[in-house]
Amino acid sequence: MSMSMKKNPQLNSHGELIHLLSIEGLPRAVIHQILDTAGTFLSVNDREVKKVPLLRGKSIFNLFFENSTRTRTTFEIAAKRLSADVINLDIARSSAAKGESLLDTIANLSAMHADMFVVRHSESGAPYLIAQHCAPHVHVINAGDGRHAHPTQGLLDMYTIRHFKKDFSKLTVAIVGDVVHSRVARSDIHALTTLGVAEVRAVGPKTLVPGDLKEMGVRVCHDMKEGIKGADVIIMLRLQNERMSGAMLPSAGEFFKNYGLTPDKLALAQPDCIVMHPGPINRGVEIDSTVADGTQSVILPQVTFGIAVRMAVMSTIAGNSA
């Protein structure tokens, strides 16, 4: 039975979030609930004691089958600020090396009384498989799977846009760069279209921006100037060297010339356009340092918001039963 034929595996029978696997299929109200909850957690970051007791006694396992120090660190900080116990498992080197199957690993960890798995995996769909096979009380959060989805990054991007722009309905948002390999782009596109953004544009070379995006209501632009003209928000993507075959990629210098964000190109967007990037930045490849460090960049606030959004996701999910 395919995923699409079943009810949404992320929601219980009351329509409440029990796993966060993808932004695709999340109702607008659920997205807004998470963003509203994140707003209440931002003030925790300003306190002397940065802790709330919402997940005290809960065990959260960070299962990173693929490396990502930044994402793992923000999940760990978020869980600790909710007073949870956090167990970091670098599975890439342990069970995989022993030839242990994914589901055997999950069964063993479930026996250790895990309450939540935060999963990063190079195979698209792995978090769905885990959510189908873990114990009913265990919640699964997708921290990035293959080229498929990165829902918490998508949500923190939406939080950032809402924080600076308030209303989604009138915005033009340009997503620039390597869209085809980017799970962030996919999550952002689903979120932006669900939230009713006026126009979403995908900007980049033909090899890196798939034509089928038009079916998702996205305007595809292969010319950078056309793509960012009049934009309210520009989301620059990292060039995914590790997920790319050489033939698809122009040289870094050529890419920067055509699709790198420079002050000259940024001047084509709205004067109050914000510039975003999921990080880590390749300076001088996707974005000029003067733009990355400039007044229109919100790249560092994104990191701060990321902790609050991940706190919101964990606390929202933990309060709901299957």
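Roughly how big is the chain's charge dipole about its Cα centre, with Cβ charges of +1 (Lys, Arg) and -1 (Asp, Glu), in debye to the nearest 20?
Charge dipole of the chain: 300 debye, to the nearest 20.
How large is the Kirkwood hydrodynamic radius of region 256-307, in angstrom, based on all distinct alpha carbon pairs?
Over region 256-307, the inverse of the mean reciprocal pair distance is 11.3 Å.
Pop the C-beta distance of Ser101 and Thr295 into the FRET formula with R0 = 51 Å and round what comes out to the nearest 0.05.
Given R0 = 51 Å and the Cβ-Cβ separation, E is 0.50.
Between Arg219 and Arg147, what is the label-to-label distance in nm when each label sits 7 Å out along the Cα-to-Cβ direction?
Roughly 2.6 nm, to one decimal.
At 10 °C and 1.306 mPa s, what whole-number value in µm²/s does Stokes-Einstein give for the translational diffusion of region 103-162, with Rh from the Kirkwood sum over Cα pairs?
In µm²/s, the coefficient is 129.
At a 1.4 Å probe radius, carbon and sulfur cover how many percent of the accessible area of region 248-322?
The nonpolar share, carbon plus sulfur, comes to 56 percent.
As a test of understanding, state the convex hull volume per residue of region 6-152 from its alpha carbons, in Å³.
119 Å³
Take region 1-84, drop everything but the C-alpha atoms, weight them equally and run the Debye formula without solvent; then report log10 I(q)/I(0) at 0.23 Å⁻¹ to two decimals.
Each listed q maps to, in turn, -1.27.
If the limit is 19 Å between Cα atoms, which of Lys50/Lys80; Lys166/Lys214; Lys80/Lys166; Lys206/Lys257; Lys165/Lys265 go over it?
Over 19 Å Cα-Cα: Lys166/Lys214; Lys80/Lys166; Lys165/Lys265.
If you project the alpha carbons of the chain onto their three principal axes, what span does each projection cover, largest first, in Å?
56, 44, 38
Among 36-47, 153-164, how do they line up by average Cβ neighbours within 10 Å per residue, starting with the highest?
153-164, 36-47
Provide the packing ranking of 295-303, 79-87, i.e. peptides ordered by the mean count of other C-beta atoms within 10 Å per residue, highest first. Spell out each step's value before the answer.
Numbers: 295-303: 16.8, 79-87: 19.4.
For the peptides 295-303, 79-87, the packing ranking is 79-87, 295-303.
Find, to one decimal place in angstroms, the Kirkwood hydrodynamic radius of region 101-259, where the mean of 1/r is taken over every pair of different Cα atoms and then inverted. It would help to have the intermediate numbers written out before the result.
Working: mean 1/r = 0.0584 Å⁻¹.
So the Kirkwood estimate lands at 17.1 Å.
I need the phi-derived Karplus couplings for region 127-142: 6.51 cos²θ - 1.76 cosθ + 1.60, θ = phi - 60°, integer Hz, Gly and Pro marked x.
Those phi angles translate into x, 5, 4, 5, 4, 6, 10, 8, 4, x, 7, 8, 9, 10, 10, 7 Hz.
Please report Rg (one decimal) and Dmax (integer) in Å for the Cα set of region 79-178.
Taking only Cα atoms of region 79-178, I get Rg and Dmax of 17.0, 53 Å.
Taking every pair of alpha-carbon atoms in region 195-322, what share in percent sits in each 10 Å bin, from 0 to the bin with the longest distance?
With a bin width of 10 Å, the distribution comes to 11, 37, 34, 14, 4, 0.
Taking only protein heavy atoms and a 1.4 Å probe, what accessible area per residue, in Å², does the chain have with all protein chains in place?
42 Å²
The values are calculated or read from the model by the stated rules, or taken from the named source; none is laboratory data. If you're wondering where the values come from, they're calculated on a predicted model, not measured in any experiment. Neighbour counts run over all protein chains shown; Cβ positions are idealised from the backbone, glycine included. These accessible areas exclude ligands, DNA and RNA; they are computed on the full protein's heavy atoms, side chains included. Shrake-Rupley method; radii C 1.70, N 1.55, O 1.52, S 1.80 Å.
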